[in-house]
Every structure is written in structure tokens, then in C-alpha cells.
Amino acid sequence: MTTPLSSRCPARSKRSGEQCKRFVVGGGVCPMHGGSAPQVRAKREVRIALQEQLASSERRSSADILVDAQHAADVVARDLQTSIERGTATPGDVEQLMAAWQRAASLAKVTADARVDERRVGIAEQQGDLMAAGVQWLLDELGRNDAAGRALAGRMFSALGQGVLPSRVVPGEVSA
């Protein structure tokens, strides 16, 4: 959940029940409602720093994040195995492994619950349908809605699917 860098104080009046009208940079409560307290200021600074970091960094896919979490858990597991073989394993090592696996499992569950892959497939299908409709419209406009036009469209979609398109297109030239 992201907190806007400037939002209204969430405190409410006891008499009227209305929300405080003051805005607070970094979220949280205004100085009148406890925003001057050191712990509130510290938390606000952390929120602001996190927002700035999120705004300046590249967003990663949930699949990449999940793979990284699983990799981290695997690294911790291998380190624990080495510690056990040497006889230097501690209960803290086991706790660290359990925490890493719980993080990975939690991320996997969130990803599965969000049905990210299904959404990606749905978006790709919508884009494909839109592209097919655009090609059909173009063929109709060019008067090429015949077998040769459909073959041309088929070759184009095949080339797009393979990630290969001609380096140049000469207007009026249609290869058979």
C-alpha cells in the first residue's frame, strides 16, 4: 500500500465527527493531533523516503520478485546445510531458513491469489484481438479482403509471433 506524500490528517472532531482539514506532507496526523511527536515524525520521514525510492526505481514484475525470494530461501538453505555438515549450525540459522521460506511461500500465495498470470494472458489476448481488428480494417480499407490479403495478414502475424519483421517496407510492394 502506498501513502500519498500529502494527505489530510485522518483525525476527527469529537463534537462534529468531521475530519481535520489540515494537510500533512508524508501522511499521518497533523501537529495539532500528535504529528509533532518524535516517533510520528520518524515514521513520516520513513514513509517519505520510501515514496521517493519507489518513485525513482524501476518496477519489477511479480514473477521476478517471487523468483528472487525463492532464490534467497535456497541460498539460506544451502548455507544451513553447509553449517550442519561442519557442525556449526545454530538455532538462529534454522530460524533464518524458516523466515526465508515463509517469505517465499507468502509471496507465492499472494501471486497466485492475484492471478497475475491469468491477467497477463487476458491482456495479451485483448491486444491480439485489437491488432487483428486493426489489420482487418486496414485490409478492408485497401480493398485487399481476399485470399491474398488474408495470407498477407497471416504472414505478418506469424512474423510478429516470431519477433521477426522485415527491415524495410516498400510502399505498394506486396510479397507473395
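Our helix-only sum for the chain, with -39,500 (n - 2.57) per DSSP H run of n ≥ 4 divided by its residues, gives a mean residue ellipticity at 222 nm of -22000 deg cm²/dmol.
Given axes a ≥ b ≥ c from the Cα gyration tensor, I'd like to know whether segment 118-162 is rounded (a/c under 1.5), prolate (a/b larger than b/c) or oblate.
Cα axes put segment 118-162 in the oblate bin.
Pairs of C-alpha atoms in segment 73-114 farther apart than 11 Å represent 64 percent of all such pairs.
Charged side chains reduced to their Cβ positions (Lys and Arg at +1, Asp and Glu at -1) give segment 62-114 a dipole of some 80 debye around its Cα centre. Relative to the longest principal Cα axis of the chain, at what angle does helix 147-162 sit, 0 to 90 degrees, rounded to 10? With rounding to tens, the tilt is 30 degrees. Amide H contacts of R8: V24, each under 5 Å away and 5 or more positions distant or on a separate chain (H built 1.01 Å from N in the peptide plane; Pro and chain starts excluded).
Only alpha carbons enter this Debye calculation for segment 73-148, each as an equal point scatterer, and the log10 of I(q)/I(0) it gives at q = 0.15, 0.20, 0.21 Å⁻¹ is -0.70, -0.87, -0.90. About the centre of its Cα atoms, segment 62-171 shows a dipole size close to 360 debye [charges on the beta carbon of Lys, Arg (+1) and Asp, Glu (-1) only; nearest 20 debye]. Charges were assigned to the Cβ only: +1 to each Lys and Arg, -1 to each Asp and Glu. The resulting dipole of segment 6-56 about its Cα centre is roughly 300 debye. Counting only residues at least eight positions apart within a chain, or on another chain, the aspartates and glutamates with an alpha carbon under 19 Å from that of K43 are E52. Counting charges near G27 (Lys, Arg +1; Asp, Glu -1) among other residues having Cβ under 14 Å from its Cβ returns a value of +4. Only alpha carbons enter this Debye calculation for segment 6-56, each as an equal point scatterer, and the log10 of I(q)/I(0) it gives at q = 0.23, 0.27, 0.28 Å⁻¹ is -0.81, -0.98, -1.01.
Between the Cα long axis of helix 38-56 and the first principal axis of the chain there is an angle of about 20°, rounded to the nearest 10.
Along each principal axis, taking the top coordinate minus the bottom one, the Cα set of the chain gives 74, 65, 29 Å in descending order. Length gained on full extension, V116 to S16, computed as 0.36 nm times the residue gap minus the Cα-Cα distance: 31.6 nm.
Rule-based calculations on the coordinates, nothing more; no lab input. Keep in mind it's a predicted model, so treat the numbers as computed, not measured. Positions of Cβ are generated from backbone atoms using ideal geometry, with glycine treated the same way; all protein chains shown enter the neighbour counts.
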